[in-house]
Amino acid sequence: MIGQKGYPPVHGGIEKHVAELAARLPAHGFSVEIYSRPHYSPLDGDSGLPAVTVRRLRSIPTKHLDAISHTVAATFDVLRRDAPIVHYHALGPGLLSGLPRWLGRRRTIVTVHGLDWQREKWGPMARGVLRLGEWASAALPDRTIVVSRALAEHYRQAHHRRVDYIPNGIGAPVVRVPERLAALGIDRPFVLFVARLVPEKGCHLLVEAWRGLPEELRAGHRLVVAGDAGFTHGYADRLRRDAPADVLFPGYVHGPALEEMYSAAEVMVLPSTLEGLSISLLEAMSYGRCCLVSDIPPNLEAAGGHTAVFRSGDAADLRRRLVELLGDAPRRQALGRAAAAHARENYDWDRVAEATAQLYRQVLDGRSKSI
């Protein structure tokens, strides 16, 4: 596995995706090697999971060079190893997906988690490189996986290519009583945001909407922003500086503390303008949380009609929907129940791993391009 920041998954949807696959693929007969970056995790060698190894290689940890420098190092390292399949994740890393095929007679796969060139943090040159990565993800590997039907339709129209749709998944929710939340400053009912603090996730829009809520609602609730910068420290610093005092920024939250947040939140808000298929949304839905999402196609696809929706980029509409939900407990509960049933029926990591293993076997048998 190449392209993810590392293992174990401290934050990031791709990292979570890779970790969940790695935990399950050995049961299907595949050992897994995960390439990891030093600034993400200190783990190197034994992962603690059967047949899963972590290979920690250095990168150039800057906004523009971190991913590609690590991908180059990992690609040339894997050519020295006995790995019949090299699985790249994301558009930038996919630029190198031809090399193991041409130089090492390896099978390669690229999973597209989103159209990264659309992210607001990139300038014109980086966008151009990532657009090239999109072309490469369609043209160079043996097979291309996408995590949403919206992405599959994009590849059909833009590249005249049928790709393999394998979505993200969820595990069984671990419902917890709130034992850790008070230590994080969560002393009342709360609205939850879970994502990296990057512009396309829309946290600034949520903070703007929150600032305009009626005083009686603000007095009885907090907004909890569980996330931190992703080479976007200026944006994250501005969010913290400009946010009202009743907005909490606990940083990245994972493990039992995040499970407590999912178990207790009144509403989970995903105001993103760009997604592949949000794992945090699927997880919140699996816990039976009432979710409020922007109306971009990947969010609507994940929601399946079982969340509240607002117009993407419209802080006033977000505020109106949030006021409605916070004032209507029966509706929150009904949406939460429907969301949980939908998420558990349609998104499951065991099925994701089984489909991925089946694709691996097809590739090893010589069934390559999906045309």
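The values are calculated or read from the model by the stated rules, or taken from the named source; none is laboratory data. Computed from a predicted model, the values in this text were never measured in an experiment. Here the Cβ positions follow ideal geometry from the backbone for every residue, glycine too, while neighbour counts run over all protein chains shown.
Points worth noting:
- Subset of the stretch 291-300 [in contact with a helix residue (DSSP H, G or I) (Cβ under 6 Å, 6 or more places away or on another chain) and over 14 Å from V194 (Cα atoms)]: P297, P298
- Screening the stretch 335-353 for residues that are of a type in the set (D, E) and surrounded by fewer than 16 Cβ atoms within 10 Å (Cβ to Cβ) and picking the one that is modelled with the lowest pLDDT gives E345.
- Where P214 falls short, out of the listed (1) surrounded by fewer than 19 Cβ atoms within 10 Å (Cβ to Cβ); (2) without any contact (Cβ under 8 Å) to a residue 40 or more places away in the chain: (2)
- All positions within the stretch 1-37 that are farther than 23 Å from L65 by Cα and either not charged (D, E, K, R) or not assigned by TED's automatic domain parsing to the domain that holds D116 (or both): A19, L21, A22, A23, L25, P26, A27, H28, G29, F30, S31, V32
- Qualifying residue in the stretch 45-60 (condition: of a type outside the set (D, E, K, R), outside any loop (DSSP other than H, G, I, E, B) and more than 26 Å from A357 (Cβ to Cβ)): no
- Residues that are assigned to a helix (DSSP H, G or I) and under 20 Å from the mean Cα position of the chain (by Cα), drawn from the stretch 20-35: E20, L21, A22, A23, R24, L25
- Taking the stretch 236-276 as the range and being assigned to a helix (DSSP H, G or I) and either outside the structural domain of L205 (by TED's automatic domain parsing) or crowded, with 16+ Cβ neighbours inside 10 Å (or both) as the test, the residues that pass are A236, L239, A257, L258, E259, E260, M261, Y262, S263, A264.
- For the stretch 46-54, the condition holds for at least one residue, the condition being that it is exposed (fewer than 15 other Cβ atoms within 10 Å of the Cβ) and farther than 18 Å from R81 by Cβ.
- Against the test of being in contact with a strand residue (DSSP E or B) (Cβ under 6 Å, 6 or more places away or on another chain) and either aliphatic (A, V, I, L, M) or not assigned by TED's automatic domain parsing to the domain that holds A219 (or both), the options A284, A302, A334 yield a single qualifying residue, A284.
- Any chance T307 is among the β-branched types (V, I, T), closer than 30 Å to A22 by Cα, touching a residue at least 24 places away in the same chain (Cβ under 8 Å) and surrounded by 14 or more Cβ atoms within 10 Å (Cβ to Cβ): no
- Within the stretch 300-359, the residues that satisfy the criterion of being farther than 27 Å from L223 by Cα, in a helix (DSSP H, G or I) and of a type outside the set (D, E, K, R) are N346, W349, V352, A353, A355, T356, A357, Q358, L359.
- Checked across the stretch 116-124, the condition of being touching a residue at least 12 places away in the same chain (Cβ under 8 Å) and either more than 24 Å from P199 (Cα to Cα) or of a type in the set (A, V, I, L, M) (or both) holds for no residue.
- Number of the exception - A139 against (1) surrounded by fewer than 17 Cβ atoms within 10 Å (Cβ to Cβ); (2) in contact with a strand residue (DSSP E or B) (Cβ under 9 Å, 6 or more places away or on another chain); (3) within 17 Å of V363 (Cβ to Cβ); (4) hydrophobic (A, V, I, L, M, F, W, C): (2)
- Close pairs from the stretch 153-181: first under 15 Å from P298 (Cβ atoms), partner at pLDDT below 95 and of a type in the set (K, R), Cβ under 7 Å, at least 6 apart: Y155/R161; Y165/R149
- Subset of the stretch 187-235 (residues that are assigned to a helix (DSSP H, G or I), more than 18 Å from S278 (Cβ to Cβ) and of a type in the set (A, V, I, L, M)): V207, A209, L217, A219
- Pairs are defined by a Cβ separation below 7 Å, a sequence spacing of at least 6 or placement on different chains, a first member in the stretch 42-61 that is more than 17 Å from S31 (Cβ to Cβ) and at pLDDT 90 or above, and a second member that is of a type in the set (K, R) and not in a strand (DSSP E or B); the pairs so defined are S59/R37.
- Among the residues here, S272 does not qualify as closer than 17 Å to G169 by Cα, touching a Pro at 6+ places or on another chain (Cβ under 9 Å) and either in contact (Cβ under 8 Å) with a residue 40 or more places away in the chain or not β-branched (V, I, T) (or both).
- The condition (being within 21 Å of R156 (Cβ to Cβ) and surrounded by 15 or more Cβ atoms within 10 Å (Cβ to Cβ)) is satisfied by just one residue among G133, G92: G133.
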